[in-house]
1. Taking 22 Å as R0, compute the FRET efficiency from the Cβ-Cβ separation of Ala104 and Ala67 and round it to 0.05.
2. Points 7 angstrom from Cα along the Cβ direction at Trp436 and Lys169: gap in nanometres?
3. Kindly write out, for region 284-300 in residue order, the coupling ³J(HN,Hα) from the Karplus curve 6.51 cos²θ - 1.76 cosθ + 1.60 (θ = phi - 60°), rounded to whole Hz, with x marking Gly and Pro.
4. Check which residues have an amide H placed less than 5 Å from Arg106's amide H, if you skip close sequence neighbours.
5. Set the Förster distance to 35 Å, then compute FRET efficiency between Ile86 and Lys260 from the Cβ-Cβ distance, nearest 0.05.
6. Would you pull out the residues with amide H under 5 Å of Glu401's amide H, same chain only if 5 or more places away, H placed 1.01 Å from N?
7. If I ignore ligands, DNA and RNA and count only protein heavy atoms, how much of Lys255 is accessible to a 1.4 Å probe, in Å² to the nearest 10?
8. I'd like the Karplus ³J(HN,Hα) series for region 134-143: coefficients 6.51, -1.76, 1.60, θ = phi - 60°, whole numbers in Hz, and an x wherever there's a Gly or Pro.
Amino acid sequence: MSETSRRSATVLNAWSGTLEDLQQQAQPVSPDSTVNTGKKKKKTKPPQRSVSVPQLFALENVADSEAEERRTREKLHTERDTEESILRGIFKIEKKSCDVELRASRLVWTPIQPETPTGTSKAGMLLNEEYVELKEIFAVKLKRRRSVGQQKGGTLLGITLFQCVKKGKKLKDHAIHLSNMSEDHCEVWFRHFKDILNGFRDRPKFLKVFVNPNSHRKEANQIYSEQIAPLFKLAGINTAITITEYKGHALSALKECDLKEFDGVICVGGDGFANEVANGLLLRAQMDAGRDTDSIFTPVRAPLPFGIIPAGSTDIVAYSVQGIRHPVTAAMHIIMGHYQSVDVCTFSSHSRLLRFGFSAMFGFGGRTLALAEKHRWMPSSQRREFAVIKTLANLKPEECELIFLPLKNPKQEAQKTTRSKLKRDSSNHFDTLDQWQSIQGLFLNISIMSIPCLCSMAPRGLAPNTRLDNGSMSLIAVRNTSRADFIKHLKRYGSLKNQFSFPFVEIYTVQEVKLKPLSTSGWADDSSEENVKFDSKHTPTISSEKNYLWNIDGDLMEASSEVNIRVHPRLITLFGVTTEESDDSTVKCSCI
């Protein structure tokens, strides 16, 4: 029986070997054909799947992401071997037991895997390894379970870390829970985390806060108490709060209060209120330095960083330095100690300082703001649209002369200014390189801006060619033209098209500007404007009043004669970051 089985196995093996040889050597034959016709049969190739160009790019992206992930694992592996370990323990994170290690610059955790017969490879462990940079953590708390009404004590559940995370242009807080019910174990880790947070010296600990309760929709108080104050308390920041009661309250308070105990000054409000607080901060710096503001002087830097919590209608300054109009993002920049130096302009007349500011508009911009201020009883959005429409209906130019000092190579000069660390007077630095120029005529609007002036209605910025700290201003002069063409120019600000590609728009990069009105026309009240029809192609009507209106950062300023505007590089430090890239979205103003 066994011999028969062996013989059958031998035959089977020989048959299978012969079959393999036949499959490799023989040509396929049609089942219907029994005679060899002598014609060679074409080999049938398996169908190849075509791959489109987008699929090729997708495959390349997958390969790139895999390579990037591999490099990240290798980097983590290297840092794991070289970076010093401070603490190591077991915590439960997201319901998984993890091996947690505190290092000099990051917190790393790896889920504890059950042992396998073959063992777990080191690469597999690194693949599951997660971490958070310690510089992203802004608060740590002991997590306890408490009964209703219990204020202290409670059952310890572990440690909670609060991390600053970036989502697009927004900054938000994120909680990481390390669960462990051992009091001694958590206390050791908690003390180390507190020591690490105390080591971040650039983060503020005590802030002076000004809140304008009348900003925009009167939401500033609510925004601060519900969104900002809890974050400041969580981060361990103490605050001294002043709720302003009248216009100029913050300005007068800053001139008198002792600023040495504070790490920064914060305002909660719109652009006009931000200008008031910035003015107060800079004027206080000039007072402490003994500068005479009634003569030509070189201003000194503000002594404290300045933070803006946006609570206005446009919030141009906050948007420009934070990249978005978002109160929580502004608060996180303050908490994390993100600083950005910003250029500031001085506005003076007859060598007397009028104020500090970041941007200015003369003509259409000034008249629109003045009309909106006269209708404060209207809701903010309706008031703004009403003022724009009515000013367009009564559109008229101003005859003036512009004398300015242009920059031949703004980028090169900005680099020189950075290298010299602003030790020299900026005016002397540029006078030897450039010559004064002048233009004259009828202008519908003149804008002078030292920052990009980003906002939701102008995603590219009102002055996209300038930067926050390059020591230059954008001078944008819109000459007299038809109302239809001027409206086309205004609409371009809400799109990605170039708003300056019109023959009646001139733009210059300058260091200093002198604006001298040539006509005696001034601001007329509503009743006179309603009864008079203006044609933008003709000379403006003469008014008995001789005050010219300026829109300085959303705040109204009146001047009766020539105004001199100079930019001062990095005169103030704001909480925020450089916003080089603008939003690609397009917006349309409903009023035009």
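The values are calculated or read from the model by the stated rules, or taken from the named source; none is laboratory data. If you're wondering where the values come from, they're calculated on a predicted model, not measured in any experiment. A quick note on method: Cβ atoms are made from the backbone with ideal geometry, for glycine too, and the neighbour counts reach across all protein chains shown. Keep in mind that these areas ignore ligands, DNA and RNA; they rest on the heavy atoms of the full protein, side chains included. Shrake-Rupley method; radii C 1.70, N 1.55, O 1.52, S 1.80 Å.
1. 0.20
2. 3.9 nm
3. 5, 5, 5, 4, 5, 8, x, 6, 8, 7, 8, 9, 5, 8, 9, x, 9
4. The list, which skips near neighbours in sequence, is Leu134.
5. It comes to 0.50.
6. Lys516, Leu518
7. Looks like 90 Å² after rounding.
8. 5, 5, 8, 8, 10, 7, 9, 9, 7, 8
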